[in-house]
Amino acid sequence: MSVLVYVEQVDGKFKKSVFEAVSYAKAIADIQGSSLTAISIGNVGEAELKELGKYGASKVLNVSNDQLKNFINQAYASVIAEAAKKESAAVVVLSNSFSGKGLAPRVAVKLEAGLVDGAVELPKLDGGQFLVKKTAFSGKAFAITELTSAIKVIALNPNAFGVKESAVEAAVEAFSPEIKATDFTAIVKEIVRATNKVSLPDAELVVSAGRGLKGPENWGMIEELANLLGAATACSKPVSDADWRPHSEHVGQTGIAISPNLYIAIGISGAIQHLAGVSSSKVIVVINIDPEAPFFKVADYGIVGDAFVVVPKLIEALKAH
Ligand code: FAD
């Protein structure tokens, strides 16, 4: 019996959420007294693969196959399931990222496993029960889910557990599972990166703005503030609906759910559907002209003021340091 963790790569590199998933999987392996194997798909260098040992993976299965260079949901799910069978994995861990959200249910079906997505804590083994805490109702509540299946699939919410080092020597092993032609019904030919900005789902700092900004022409100061902080930019739904900003920046119940260390909300009222995607941020700063704006109720720090006055002052202060 072992624990398997899927390590998602982007351009041959691992993101912080991967190290977090490995740390989390290692903690589960320690609870179960088993070893941790990572499965990497795509062209990742030996040095990067070995670095996974730093977070607890003692073995890394490396699938290097040109057909799998770009992410393909069905094919990747088949590879992960095959790796789980090869390792007799009792638990399979993924990050609850864009691709993890698509992969986890597919892997669970292939392994006839129970699934918990959006896990926020380590499983608790209570009198033979395997209990996992997860977010529910778009982040408005938590649910404790019992997994009763022999194999368990867990998708961990980014930023819920943190990265923990455990210094294990990782052995890299080539893995070439058989992949069926039916796994390639939709093929990603090329990925063209739209911008080089910080990626929103993984960002530790996020500067977000809403309809209070009045129009797309006023986003220069938001971009500038984000650049100075090394933050990603986000927005409310009406802003992306009006095409002021791309849909990839829309956070909330119907957009991306994020949990950065710092979320700065500028000119956003704090509707429940918006909060659903951002309320698990570690620190929330709200800048709003209306002292009655609902967002202030969940803010750690609030500035009642005009964004067009406050944001330039913040930029000035950051530049002065
Ligand atoms: P507004 O509600 O118009 O708020 C603008 C804020 O800016 C106000 O608080 C105002 O006081 C402030 N302001 C104005 N001028 C200034 C100034 N000069 N300086 C500082 N502050 C200023 N919304 C999402 O964001 N994400 C979702 O995923 C989402 N999903 C939804 C799903 C459903 C089914 C439904 C029904 C709605 C959803 N919504 C979602 C919409 C949500 O209900 C709100 O309408 C939306 O979040 C409001 O966006 P906003 O705060 O930018 O705009």
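A few remarks follow.
- Potential extension, ILE272-ASN70 segment - 0.36 nm per residue separation minus Cα distance: 69.1 nm
- Solvent-accessible heavy-atom area per residue, rounded to whole Å², over the chain at 1.4 Å: 47 Å²
- Summarising the label geometry, the points placed 7 Å from Cα in the beta-carbon direction at GLU204 and ALA317 lie 2.1 nm from one another.
- Among beta bridges that DSSP assigns inside the chain, antiparallel share in %, nearest 5: 20 percent
- D_trans [Stokes-Einstein, Kirkwood Rh over alpha-carbon pairs] for segment 200-316, 25 °C, 0.890 mPa s, µm² s⁻¹: 181 µm²/s
- Principal axis extents of the C-alpha atoms in segment 140-194 (largest first, rounded to whole Å): 38, 38, 37.
- Surface/4 estimate of mean projected area, convex hull on alpha-carbon atoms of the chain, nm²: 17.5 nm²
- In this structure, ASN43 and GLU121 have a Cβ-Cβ separation that, at R0 = 41 Å, corresponds to a calculated FRET efficiency of about 0.75.
- Approximate spin-label separation VAL304-ASP241, in nm, with each point projected 7 Å along Cα-to-Cβ: 2.8 nm
- For the chain, the carbon plus sulfur part of the accessible surface works out to 54%, probe radius 1.4 Å.
- Values of log10 I(q)/I(0) for segment 1-141 across q = 0.09, 0.12 Å⁻¹ run -0.25, -0.44, by the Debye formula with one identical scatterer at each alpha carbon and no solvent.
- Cα convex hull volume per residue for segment 271-321 (Å³): 88 Å³
- Long-range tail of P(r) for segment 72-155 (Cα pairs > 20 Å, %): 31 percent
- Lys, Arg +1 and Asp, Glu -1 on Cβ, resulting dipole of the chain about Cα centre, debye, nearest 20: 300 debye
- Rg followed by Dmax, in Å, when segment 103-219 is reduced to its Cα trace: 20.0, 59
- Taking the C-alpha atoms only, the angle from helix 220-229 to the longest principal axis of the chain is near 50 degrees.
- Between the beta carbons of ALA150 and SER176, assuming R0 = 30 Å, the FRET efficiency works out to 0.70 to the nearest 0.05.
- Inter-label distance, nm, simple model (7 Å from Cα along the C-beta direction), SER248/VAL192: 1.2 nm
- Using the empirical formula 2.2 N^0.38 Å as the baseline, the Cα radius of gyration of segment 23-85 reaches a ratio of 1.18.
- For peptides 16-29, 52-65, 276-289, sequence by mean Cβ density within 10 Å, most packed first: 16-29, 52-65, 276-289
- Length added when fully stretched, ILE31-THR185, from 0.36 nm per residue minus Cα-Cα: 51.5 nm
- Segment 135-293 shape via C-alpha gyration tensor axes, a/c threshold 1.5: prolate
- Counting all C-alpha pairs of segment 165-232, share separated by more than 20 Å (%): 63 percent
- Translational diffusion coefficient (Stokes-Einstein; Kirkwood radius from C-alpha pairs) of segment 50-112 at 20 °C, 1.002 mPa s, in µm²/s: 169 µm²/s
The values are calculated or read from the model by the stated rules, or taken from the named source; none is laboratory data. Predicted model, so just to flag it, every value in this text is computed and none were measured. In this analysis, Cβ positions are derived from the backbone assuming ideal geometry, glycine residues included, and neighbour counts consider all displayed protein chains. Remember, those area values only see protein heavy atoms, side chains included, never the ligands or the DNA or RNA. Shrake-Rupley method; radii C 1.70, N 1.55, O 1.52, S 1.80 Å.
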